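Here the structure is laid out as structure tokens; the discussion comes afterwards.
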Amino acid sequence: MRGINKNNNKLNAIIVDDDEASRKLLTLMLKKFSSIKIIGEAESIAKALDLINTKKPDSVFLDIHINKSNGFDLMEKLSTEAKVIFVSADDAFALRAFELNAFDYLKKPVKQERLAKTVSRLLEQTENKKEVVEMNWQNDNSLAKYKAVDKDLENDYDDSETENESGADTLQEKKILEYDDRLFLSVDGAPRFIKISLIECITAEKDYSYIYLSDGKKFLVLKPMIEWENRLTSKYFVRIHRSTIINLEYIEKIEKWFNSSYQVYLKNIKQSFQISRRYVSKLKERFK
């Protein structure tokens, strides 16, 4: 595969950000992974394009806002197969990023654990897929040094979500969300309360998920399916596919499909959703 250093079996990466402190911080974080090698940095679209075409990296960590341009301008000009990972303090552009087939979307300040998931997925799709992600958690003092350079990298971007207005619970905690609870989420960069009972369906999009509401609205949020499955009440919500959770209250009809699978139609959503064979029996149990 292009960009992989055959001698040390590393994934080559380029960082594109007009802020030097942000580049240095991300470089330090990526250096904690033995499988990643930073082969270049760029602070402008023009320099990044030249660097990518010349060095042909495996991955590009790309900021959204670059001087007076944006990362989407660069992505649309790329002719390589490099995986593009957007890194931004603004999650309002996540939907467009995935529409352009971005590999991932990281929100600043980037957390090391979240970055580890991205690196693991990168390795799975390369010649390094059998290599275990090794992280060196030493030298954290140097990491903190660069975090302090730009305070915007550290604050104002807490992505925790609460289940009620008091902010007492987060989605990561184990308490089950009741059907009448309201969930506090960051949607397109703005805070929003969503009533659990209005959620018709949730579908997976890598580490993100789409929330379909009964009023026809659809939101993209930074939450994996496993968190939803662990938090939503099983009295109303059931997983029908590895990438789909539905609200039983909104089922319109279920039709037999092929290979012993089914598809379900919900009341306010035009598209149907596949019920995989693995979950058919579990769903049938709910209707006995």
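The values are calculated or read from the model by the stated rules, or taken from the named source; none is laboratory data. Since this is a predicted model, take the numbers as computed values, not measurements. No Cβ is skipped: glycine too gets one built from the backbone with ideal geometry, and neighbour counts run over all protein chains shown.
Values for this structure:
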item	result
Residue within the stretch 251-272 that is under 24 Å from the mean Cα position of the chain (by Cα) and surrounded by 20 or more Cβ atoms within 10 Å (Cβ to Cβ) present	no
Residue, surrounded by the fewest Cβ atoms within 10 Å (Cβ to Cβ), within the stretch 74-93, restricted to residues that are free of Cβ contacts under 8 Å to residues at least 40 places away in the same chain and under 13 Å from the mean Cα position of the chain (by Cα)	PHE93
Test: residue in the stretch 259-273 that is touching a His at 6+ places or on another chain (Cβ under 9 Å) and closer than 26 Å to ALA102 by Cβ	yes
Within the stretch 20-40, tally of residues that are at pLDDT 90 or above and over 23 Å from the mean Cα position of the chain (by Cα)	2
Selected residue (criterion: farthest from the chain's Cα centre (by Cα)) from residues of the stretch 216-250 that are modelled with pLDDT under 90 and part of a strand (DSSP E or B)	LYS218
Filter pass, GLY71 being at positive phi and either buried (at least 19 other Cβ atoms within 10 Å of the Cβ) or at pLDDT 90 or above (or both)	no
